[in-house]
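Laboratory data are not the source of any read-out in this text; all were calculated from the coordinates shown. Computed from a prediction, not measured in an experiment: that's the story for all the values here. Please note: Cβ atoms are built from the backbone with ideal geometry, for glycine as well, and neighbour counts cover all protein chains shown.
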Amino acid sequence: MKVVSEIDPGIVTDVICDMCGDSTRGEGGGLQFGTMHASWGEGSSHRGEEYELHLCENCFFVQKSTMQRTRWIGVMFKDGGDEILKNQAYGLIGQHSASCDKK
Ligand SMILES: [Zn+2]
């Protein structure tokens, strides 16, 4: 959940984790969070609804692990099923060095 400035609602002053309720402000002062977003359209039972949930780093990886394990349960007895659990890059679509953050 985004917390906005009372003076300027366009300024986000904090982002609260929707799972644990803690601030997502990291030790360096910046906001560190993951986002889960959905905008349901035609053919969906939730048509017209839009969701945005924010997760702190810890809760993000708890959810990622839960998703990975849930998927694994469906294929655990199939050949290669355990590969889902072993995949350290599950969901990872990019990676950059921390030095890129300081530019
Ligand atoms: Zn959290």
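Key figures for this structure:
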read-out	value
Charge context of Met1, other residues only, Cβ under 10 angstrom, K/R +1, D/E -1	-2
Lysine pairs with alpha-carbon atoms under 23 Å apart, the chain, spacing 8 or more or separate chains	4
For the chain, convex hull of alpha carbons as volume per residue, Å³	177 Å³
Charge dipole magnitude, Cβ of K and R +1, D and E -1 - the chain, Cα centre, debye nearest 20	420 debye
Residue with peak Gaussian network fluctuation, the chain [Cα springs, cutoff 10 Å], from Ile73, Ile16, Ile93	Ile93
Lys/Arg +1, Asp/Glu -1 at C-beta; segment 2-92 dipole; positive extreme among His37, Phe77, His54	Phe77
In nm, spacing of pseudo-spin labels at Val75 and Arg47 (7 Å Cα→C-beta vector)	3.2 nm
Per-residue ³J(HN,Hα) for segment 86-91, Karplus 6.51 cos²θ - 1.76 cosθ + 1.60, θ = phi - 60°, Hz, x for Gly and Pro	7, 6, 5, 9, 3, x
